[in-house]
Amino acid sequence: MFSPVTSEFSASALSPKRTQYQMQLKGAGPVELETAAVTAIATEDVVLAAAIVTVVDRIPRNDRPFSVADFAERIWGRQHAEVTAKLKGVIHAERTARAADNEFVRGKADPLVNLSNQLAARAIAEATPEGA
């Protein structure tokens, strides 16, 4: 699965606006980068956020003004969690259907597969945000 950082990076990879933001932020110091990050979060500007992630990611890890992963989680996390939960639901549905087909063909159930499917269903239900 993709992480929020990967999702954010690919969301605007070819945007000319992103390139423009990157050029503006290239020589920015920690305060300017933090201000830009707060602006991106407040305005939900994914293109600005992707540019910030790229610029901050190029700074040595010990000198970064903030964690790229935490920033991406703040800007992209809720959507990422919803999409990931839905994808896991689809995968679970496919596995459940395959188990039912195998049970029909063999004439008996596979208890380990059934247990695995039940545990997966429970984990998906717990991870799915309300109303998703």
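Criterion first (closer than 23 Å to K17 by Cβ and in the same structural domain as L25 (by TED's automatic domain parsing)) does A51 satisfy it?
Working: closer than 23 Å to K17 by Cβ: yes; in the same structural domain as L25 (by TED's automatic domain parsing): yes.
It is true that A51 is closer than 23 Å to K17 by Cβ and in the same structural domain as L25 (by TED's automatic domain parsing).
Quick one: is E82 closer than 30 Å to Q22 by Cα, surrounded by 13 or more Cβ atoms within 10 Å (Cβ to Cβ) and touching a His at 6+ places or on another chain (Cβ under 9 Å)?
Values: closer than 30 Å to Q22 by Cα: yes; surrounded by 13 or more Cβ atoms within 10 Å (Cβ to Cβ): yes; touching a His at 6+ places or on another chain (Cβ under 9 Å): no.
No, not satisfied.
How many residues, within region 116-131, are among the β-branched types (V, I, T) and assigned to a loop (DSSP other than H, G, I, E, B)?
Our first condition is that a residue be among the β-branched types (V, I, T); within region 116-131, this holds for 124, 128.
In the following step, the residues that additionally are assigned to a loop (DSSP other than H, G, I, E, B) were identified as 128.
Adding up the residues that qualify gives 1.
Confirm whether R64 is assigned by TED's automatic domain parsing to the domain that holds P16 and over 20 Å from Q20 (Cα atoms).
On the way: assigned by TED's automatic domain parsing to the domain that holds P16: yes; over 20 Å from Q20 (Cα atoms): yes.
When the stated conditions are applied, R64 passes them.
When you scan region 100-115, do you find a residue that is of a type in the set (F, W, Y) and either under 25 Å from V53 (Cβ atoms) or not in a helix (DSSP H, G or I) (or both), even just one?
no
Out of the residues in region 94-108 that are loosely packed, with under 13 Cβ neighbours inside 10 Å and among the aliphatic types (A, V, I, L, M), which is farthest from R122 (Cα to Cα)?
Among those residues, the one meeting the criterion is V105.
Within region 54-76, take every residue that is in contact (Cβ under 8 Å) with a residue 40 or more places away in the chain and surrounded by 17 or more Cβ atoms within 10 Å (Cβ to Cβ) and give me the one that is farthest from the chain's Cα centre (by Cα).
T54
The values are calculated or read from the model by the stated rules, or taken from the named source; none is laboratory data. Note that the structure is a prediction, hence the values are computed from the model and not measured. Heads up, the Cβs are rebuilt from the backbone with ideal geometry, glycines too, and the neighbour counts pull from every protein chain shown.
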